[in-house]
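Written out below as structure tokens is the structure these notes cover.
The values are calculated or read from the model by the stated rules, or taken from the named source; none is laboratory data. Quantities reported herein were computed from a predicted structural model and do not represent experimental measurements. Cβ coordinates were reconstructed from backbone atoms using ideal geometry, including for glycine residues, and neighbour counts include every protein chain displayed.
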Amino acid sequence: MKRFKPTTDSRRHMVNVTYKGVLTTNEPHKALTRGVKRSVGRNNTGRITTRHKGGGAKRLYRDIDFKYDKKNIPAKIVSVEYDPNRTAFISLAQYVDGAKTYIVTPKGIKVGDEFIVSEKTEVKLANRMILKNIPVGTAIYNIELKPQGGGKIARSAGNYAQVVAHDAGYALIKMPSSEVRRIIDTAWASIGEVSNDENHLQNFGKAGKSRWLGIRPTVRGTAMNPVDHPHGGGEGKQGRGRRRAISIYGKPTGKGQKSRTPKKYSNKFIVSRRKVGKR
């Protein structure tokens, strides 16, 4: 982590991820970039569906290969780069046949390292294989939920899941949330854990940096009026006046409360629910 001398009030507490010695280039591979209009929390009708998003610096989108379509062809890491659209670092990979793709960088990978995507291969950092052939206890990331569906689980900075068991055509995977879930064992996953594991230790130091990242201010419900939030109102500081904390929409939130849809289609795949509240 990089700490700064307290030259100003905002610099005093600022802590950033160290990029020096990790990232190898500032310029993305142009053929794998494109412009994209960010949704900034709006749906297709323009209504806000996720609050506290908007503004921020303009971003160039990097096309990341979550599917790894090129099987049984060795690839080499050409560069490790910053991606403004995600917390993990990304790497430019070049296959032996000349094709280039961006992948999510696993922790510990360096320029020149090689990996391969094959149903059964060596259990080595960045190699990708089907869950059936991954030994119990192995750390994995970029995990598919359906075969050839593309990686969906454990893609953000520092995340990884773990193979707990194999049973009746399914692999039991311990998720980053501590939930244990069954995933069909012909789905694919990569070996290792995602890079930039110190990302959560950052301190932006000032409100302006949050705005650069497209994060708008969050106001506490208890600081609002009763018309604006269920926790609002009262003279001076008040308790919330109800047993359970709820969101602005009246739904349970935080404090380890269950917010999952009771009859969700994927309930049958969950072996052990996530541990909530104090760890």
Legend entry - Scope the stretch 218-240; condition surrounded by 10 or more Cβ atoms within 10 Å (Cβ to Cβ) and aliphatic (A, V, I, L, M); matching residues: V219, A223, M224
Legend entry - In the stretch 194-217, residue surrounded by the fewest Cβ atoms within 10 Å (Cβ to Cβ) [restricted to those that are part of a loop (DSSP other than H, G, I, E, B) and out of contact with any Gly (no Cβ under 7 Å at 6 or more places or on another chain)]: P217
Legend entry - All positions within the stretch 14-39 that are surrounded by 13 or more Cβ atoms within 10 Å (Cβ to Cβ) and part of a strand (DSSP E or B): V15, N16, T33
Legend entry - the stretch 161-173 - residue that is of a type outside the set (V, I, T) and assigned to a strand (DSSP E or B) and, of those, nearest to S195 (Cα to Cα): A161
Inset, instruction - Please tell me if N225 is at pLDDT 90 or above, of a type outside the set (S, T, Y), out of contact with any helix residue (DSSP H, G or I) (no Cβ under 8 Å at 6 or more places or on another chain) and part of a loop (DSSP other than H, G, I, E, B). - result: yes
Inset, instruction - Filter the stretch 260-279 down to the residues that are surrounded by 11 or more Cβ atoms within 10 Å (Cβ to Cβ) and of a type in the set (G, A, S), then identify the one that is farthest from M175 (Cα to Cα). - result: S266
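When you check R11 against the structure, is it surrounded by 12 or more Cβ atoms within 10 Å (Cβ to Cβ), charged (D, E, K, R), assigned to a helix (DSSP H, G or I) and modelled with pLDDT under 95, yes or no?
Yes, satisfied.
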Inset, instruction - Determine whether G158 is in a loop (DSSP other than H, G, I, E, B), exposed (fewer than 12 other Cβ atoms within 10 Å of the Cβ) and on the phi > 0 side of the Ramachandran plot. - result: no
Legend entry - When residues of the stretch 72-103 are limited to those that are part of a strand (DSSP E or B) and of a type in the set (A, V, I, L, M), the one farthest from S195 (Cα to Cα): A75
Inset, instruction - List the number of the failed condition for G55; all other conditions in (1) in contact with a helix residue (DSSP H, G or I) (Cβ under 9 Å, 6 or more places away or on another chain); (2) of a type in the set (G, A, S); (3) closer than 23 Å to G149 by Cα hold. - result: (3)
Inset, instruction - Filter the stretch 239-279 down to residues that are touching a strand residue (DSSP E or B) at 6+ places or on another chain (Cβ under 8 Å) and in a loop (DSSP other than H, G, I, E, B), then give me how many there are. - result: 5
Inset, instruction - Say whether the condition of being touching a residue at least 24 places away in the same chain (Cβ under 8 Å), touching a Phe, Trp or Tyr at 6+ places or on another chain (Cβ under 8 Å), assigned to a loop (DSSP other than H, G, I, E, B) and basic (K, R) is met by at least one residue in the stretch 131-151. - result: no
Inset, instruction - Please list, ordered by first then second residue, the pairs with beta carbon atoms under 6 Å, 6 or more apart or interchain, first in the stretch 206-228 and within 20 Å of R42 (Cα to Cα), second among the aromatic types (F, W, Y). - result: S210/F204
Legend entry - Scan of the stretch 100-112 for residues that are at pLDDT 95 or above and in contact with a Lys or Arg (Cβ under 7 Å, 6 or more places away or on another chain), ordered by number: Y102, V104
